[in-house]
1. Determine, yes or no, whether Pro59 is surrounded by 13 or more Cβ atoms within 10 Å (Cβ to Cβ) and in contact with an Asp or Glu (Cβ under 6 Å, 6 or more places away or on another chain).
2. Among (1) β-branched (Val, Ile, Thr); (2) in contact with a helix residue (DSSP H, G or I) (Cβ under 9 Å, 6 or more places away or on another chain); (3) open to solvent by less than 10 Å² (accessible area, probe 1.4 Å); (4) closer than 30 Å to Gln738 by Cα, where does Ile267 come up short?
3. Taking the range 7-16, which residues are more than 39 Å from the chain's Cα centre (by Cα), among the β-branched types (Val, Ile, Thr) and surrounded by 13 or more Cβ atoms within 10 Å (Cβ to Cβ)?
4. Could you look through the range 17-30, keep only residues that are closer than 19 Å to Arg101 by Cα and not basic (Lys, Arg), and pick out the one that is most open to solvent (accessible area, probe 1.4 Å)?
5. For the range 794-839, what are the residues that are of a type in the set (A, V, I, L, M, F, W, C), open to solvent by 20 Å² or more (accessible area, probe 1.4 Å) and more than 19 Å from Gly507 (Cα to Cα)?
6. Does Ile575 satisfy the criteria of being in contact (Cβ under 8 Å) with a residue 40 or more places away in the chain, touching an Asp or Glu at 6+ places or on another chain (Cβ under 8 Å) and part of a helix (DSSP H, G or I)?
7. From the list Arg555, Arg532, which residue is open to solvent by 10 Å² or more (accessible area, probe 1.4 Å), within 25 Å of the chain's Cα centre (by Cα) and basic (Lys, Arg)?
8. Could you check the range 172-196 and list, in sequence order, the residues that are of a type in the set (D, E, K, R) and within 19 Å of Leu407 (Cα to Cα)?
Amino acid sequence: MAKTVTIVVDDIEYEVPAGMNLVDVCKQYAGVDIPVFCYHPKLGHDGNCRMCLVELATPRKNPHTGEMELAWFPTLQTACTQKTSEGMTVRTKSQKVIDGRREILEFLLSSHPLDCPICDKGGECPLQELTLRHGPGTSRMYWEEKMHLGKHVPLGELIYLDQERCILCARCIRFQDNIADDPVLAFDQRGRHQQIITASSPGFNSIFSGDTTDICPVGALTSADFRFNARPWEMVQVATICSHCPVGCNMSFDTRTDREAGGRTTIKRIMPRQNERVNEIWICDKGRFAHHHMEHPERLTKPLIRRNGRLVEAGWEEALREVTAQLQHAGENVAAIAGGRLPNEDLFALQKLIRAQGSHHIDAYPPVRGGEFTASVGVGVGTNLADMGSGDAIVVIAGDLHEEAPLWWLRVKAAAERGAMLITIGGRETRLDKFATHSLRYDYTEEVATLNALLGCMKLTGLPRSVDGLKEAVKGARAFKPDKAIKDAAEALAGANNVIALVGHEGLDGQGSHNLAQAVANLLMATGHFGRPNNGLIVVWPTANGQGASDIGVRPDYRPGYQRIPVPGMGYTDILAALADNTLRALYVVGADPLFDDPAAEQALRSTLGTIIVQDMFLTATAEVADVVLPSQSAAEREGTYTSGERRVQRFYPAIEPCGQSQPDWLIIQTIGKRLGHGNPSPSAAAVLLEIAKTVPQYAGITYQTLAEVEPQIPDVGGEDLYYGGTAFRNRHGLGVQWPAAAESGGALSAHPVEAAESIEPEEDMLLVVPITLLYDAEPVFHKTSLLHGRVPGPDILMHPEDARYLDIADGDVVRLSIDGKDITVVVRFDEQAPEGAALLPRRMQVQGAPMAATFATLVRWDVEALER
């Protein structure tokens, strides 16, 4: 039990935690809102705005009588800098406090432009709100006496600063310094001339810059795509889930009927929605700004059918008739590839259709594995990274969380700063290494060997009896020889109270990601870190719903709910091979664009004689080679669910009208299924989820109603006191449901020895190229947001300077690479963080219309003679 103390607030006694911030205590325990500007519950105190003034007394011994008495401070004190102690007494409503708050507001307004009618913050402005509550009714300052500064100062291409409105609370600076670890903002000059500046190039260089507009207590910081666009009271908030990465950030579409859009409802901005177990009150800039594809003019509005070598518009009846005929002809000789942005309802409908045809040839793209291990030893229900601290450990393997899952990066970093031991294991340095207690390096292809060596050198006092095959797995791991760094990490890890492992897929194909997840699962099972909160495995999927795809059965070896198939179907790589040799009659691609960035897919899709059916929002590179293209709706136009990497099923809601004749993916698929004799379509997405709950044991009991349940969260944000927590929205539409792993529900657990992969030895004219993921890329869905184009790097390949010097290559040279027989042109960029002996090639980048990279580490022919300078 935490130590408690008794304090008095406005003559009423309260028992509260000792050492807690006084502003928070008054709000949570006494129901007293102390006005603040610089203080924020996520940032802590700064004490510079002075708005939180209170009368304060603490007990002291009278030197004359020896008795305890209250000693009142002679002046008002800042509540945000006070910690609760026994006997503390506070007055928040006295005349002295009232006068002090009024005077502080008068000082703050002395140079404020008072332009509320044209300010984007109007209607949700803490300064406006507190001035009405506590401020003077009139101003004693003449306009000419005010300090006039810049009104539209771009800190970068995303955020604008109004220097006159800024009250210098430093919230934005402290967020960037302490939360985002991007110290790119600072104060410049002094006194009334003081102002915020950007200290980076490009300006405001942070992937969390938009969060500063939420916590800014005035209209000083505004975003480029929302400023002067709508007023807060005009908009309707619609709950949604981010579809860009596996974190599953809770967000809100702010929508309004737009005259310029012909009376359609449009998305005006995206705001974070509080979920303290997922994204707290933050979102990254990709989630905030990359929504413009949903209303882009290039959206498909009608079906397309290939006629005389060209795709032409057609009606739904004609398109469905053509698809049905081709699938009937294909029979069981059909395969499907699904994208990771598809909701659970769509994925379930797709795998059900393919299996009803007698085929198990289905896979997700990119083909990453590991779901069967999160189903058995995934993190326990109730896991919260915010609970990880001193005595706990977090292991991050084969990934760059800052680029692949930004909010996990933010929360893992915070856990390390609270005292959690962080172990990073990878083929290259990432930003998370700065906070790591131990950083282990391996050569690419040595991922499993490194994990086996870590397990093999651990001193295990006893193995859990509930896990079959664990002794053999540990015995196999002891064959791997650890170096000193691995031994030190193993010794430290052995003493951890709780362990969470986040497993990525950098440089790995589907089988490689499976083997690595198995090796990590073996480690967790051998050390007993499974089956309870804040312990277990998280897979860092390359897409938003990779976990859901695995759960639902969008893979060739498992039916829904991880029911193993005796004779597995073909996975992604084999599907492409079967297309290339024309042994497949039909391929159904839904929400995926493999031709865009996979050279192997390009060769197979362009050469096959089989029928290609594509279902997407846009005429993607894959759709351009299709025989039939069906227009689907975006996540803003329909309802559905995603399953995050922590196995939390979360619901999103429709926000805008459908684009043209587009339909939900699940409805299109089930309509085709009806024509093929596989039953009638479900009446709604909610009905599809009910079928999922009956079919997938892990989803039993999950309905749209249970997903909509909420509970009080701390800190309390999004209420009437926007000055306290900013403009992040309170969660009124559901916190989601995390389904229990087998280790929690008494299911069978098994471990298996994992063989290390064979090392790759490049020949003289070849180079080991490792595809890496960047947050900002040229993926078509993301690239429809022109506002972020300046943040997308060019077609670069990153090399260590030593490797480049060996090859006689200079920084900025243009070279040609040959990947699977396809030549691409890239620019060499020196990067000290790139590992020696391998080059890093960002995925999903446009290179003269050609796919950029394969999905896993591969040997690439390096044409040095074709080098251009």
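The values are calculated or read from the model by the stated rules, or taken from the named source; none is laboratory data. Keep in mind that this is a model prediction, so the values were computed, not measured. Reconstructed Cβ throughout: ideal geometry from the backbone, glycine too, with neighbour counts over all protein chains shown. Surface accessibility is based on the protein's heavy atoms, side chains included, excluding ligands, DNA and RNA. Shrake-Rupley method; radii C 1.70, N 1.55, O 1.52, S 1.80 Å.
1. So Pro59 does not fit the description; no.
2. (3)
3. Of everything in the range 7-16, those that are more than 39 Å from the chain's Cα centre (by Cα), among the β-branched types (Val, Ile, Thr) and surrounded by 13 or more Cβ atoms within 10 Å (Cβ to Cβ) turn out to be Ile7, Val8, Val9.
4. Asp24
5. Leu807, Ala810, Val814, Val827, Phe830
6. yes
7. That would be Arg532, the only listed residue that is open to solvent by 10 Å² or more (accessible area, probe 1.4 Å), within 25 Å of the chain's Cα centre (by Cα) and basic (Lys, Arg).
8. Scanning the range 172-196 gives Arg174, Asp177, Asp181, Asp182.
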